[in-house]
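Single-structure report; data block below.
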Amino acid sequence: MTQTVAQSAVSSTTHVASPSAASSADAVTATGPSVIGEDMAALAARQKGFIASGAVLPSGARVDALRRLREGVQGYRDRLADAIRADYGRPEHPFLVREVVPVLHEIDWLIKAVPGFCGGRRVLSALGQFKARSYVRRQPLGRVVAYAHWADPFRSLLVPLADAIGAGNAVVLRPPAEAPATAEMVARMVRQYFEPEHVAVVSGGAETDEALLATAPDFVWYDGDTRGARTIAALAAPTLTPYAAITGGPSAALVHGDADMAMAARRIVWAKFLHAGQLRAAPDVLLVQRTVLDRVLDALRTELERAFGPQPRTSADFGRMVSAAGFVRQAERLAAGRALPFGPGDAPDRSSLYVPPTLLTDVPDDSPVLREEGFGPVLVVRPYTRLDEATAFLAGLPALTALYAFTTAHARGERLMETTRAGAVLINDAATHLANPRLPQGGVGETGHGAMAGPAGLATFSALRAAAVGSNFFDIPLRFAPGSDLKLKVLKRLYK
């Protein structure tokens, strides 16, 4: 196989202006040469040539590429688990559950769906197309650049990759700099299973982003924060490169008085405290009806102890902050209210970047903690009396990444579905939509635009095309010159 143009990311945990790396200097390692400037242009030329060859237009070629991707994920699964442990200290089980399994589900769904997707959809023809056959078809966008989020460095890279391949594109992957070992392992996997003109992995800093987007790719997919999205938008503007972005926002859970408390606690703890809360769509705020507040808090403590033992700092299933900056951010969140630590005497430890699972109460309404994606094991608990009070509070927040509402009343669940502005709303569950390839994963408003996964992912990485096959049987004279009083009369009668 031809060597891919992969480059190991600079190991850093400080977020800066570059949307994918923490330093403007590019690191050159054994994985490949520096791919900035002329080298980036050369990669773009190779991918353009590959697209022009039509090699990935047939559905069979796309399905074959998806099968190779699946083989790569399975073949590198253990090495990827080791890499994510080296980057973040995450154990293998939650990595498989939250990142690998959703990727495999996505690939399997695409393998079945792509042949039909390539075939197009028959639609009715207009009167002026008499005897024509009309279709709506989708065409590949071309060269796609996909940026991954540091919190889900594998899933947020591989799901858009699978969608883009299924839609018939050539792809450049931009892994997050915060996960250099994972980026390196993905680069090795890609190098083994794909030619670089089809899929390439590129890591580096701000200079790499500038050089890459200066080649005018046909589309950019960005999964990150608002600041990074603005950087992408600015770099894409000179070439009018279209882009879609998931920028994230707070997620919330709600437990009404009629909910199954034990089930709600189990699912909220899983969604919130896996990887110490450093995951997309982990709930940041928990709204609880006052009549059951004490029961919910007790159920949460019981479930936390069941999941992580009496001392979470010694649990192999509870992670650490991935950076000193992340630890500082959680310390700031803890200072915003009154903390109810899980274990007696359990306190944050800066030397090990440990932050205990914490329920936070008495947070002021105007606190920024309520309006941002937390990425940590601090869950704000806010009581409410009536559902109207809860919905009014949610309406005052930025658009949510997700809402997880627990109630046994169907009408109440439907009301929350209709009134909440969020990328996802789940009733009696939390975060499981991320593993369903038939559901879109995206944002709304401030949380982003565009979506990945399943039908939405194929739509994001392709463009609609009008197609029609005319008939040589007959022409309707009304559409042709010269005009006449008779033609006007008929037209006016037809379209009165």
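Observations
- So residue 264, is it of a type in the set (A, V, I, L, M) and surrounded by fewer than 23 Cβ atoms within 10 Å (Cβ to Cβ): no
- Verdict on residue 223 being over 17 Å from residue 160 (Cα atoms), in contact with a Pro (Cβ under 8 Å, 6 or more places away or on another chain) and modelled with pLDDT under 95: no
- Strands (runs of 3 or more DSSP E) fully within segment 89-165 that include at least 1 residues being out of contact with any Lys or Arg (no Cβ under 8 Å at 6 or more places or on another chain) and of a type in the set (A, V, I, L, M, F, W, C): 121-123, 143-147.
- Unique residue being over 30 Å from residue 115 (Cβ atoms), assigned to a strand (DSSP E or B) and of a type in the set (A, V, I, L, M, F, W, C) when the list is 411, 405, 463: 405
- Residues in segment 92-112 that are in contact with a Leu (Cβ under 7 Å, 6 or more places away or on another chain) and more than 24 Å from residue 319 (Cα to Cα): 107, 110, 111.
- Residue check, residue 73 under 18 Å from residue 175 (Cα atoms), at pLDDT below 85 and either assigned by TED's automatic domain parsing to the domain that holds residue 244 or not charged (D, E, K, R) (or both): no
- Single condition residue 387 does not satisfy, out of (1) under 20 Å from residue 426 (Cα atoms); (2) crowded, with 21+ Cβ neighbours inside 10 Å: (2)
- Any hit, segment 30-45, residues being modelled with pLDDT of 90 or more, in a loop (DSSP other than H, G, I, E, B) and in the same structural domain as residue 233 (by TED's automatic domain parsing): no
- Count of residues meeting criterion [crowded, with 19+ Cβ neighbours inside 10 Å, in a helix (DSSP H, G or I) and not acidic (Asp, Glu)] in segment 207-231: 7
- Taking first residues from segment 427-442 that are closer than 12 Å to residue 402 by Cβ and partners that are outside any loop (DSSP other than H, G, I, E, B) and aromatic (Phe, Trp, Tyr), the Cβ contacts under 6 Å between residues at least 6 apart in sequence or on separate chains come to 430/404.
The values are calculated or read from the model by the stated rules, or taken from the named source; none is laboratory data. Since we're looking at a predicted model, the values are computed, not measured. Using ideal geometry, Cβ is built from the backbone for each residue, glycine included, and neighbour counts are taken over all protein chains shown.
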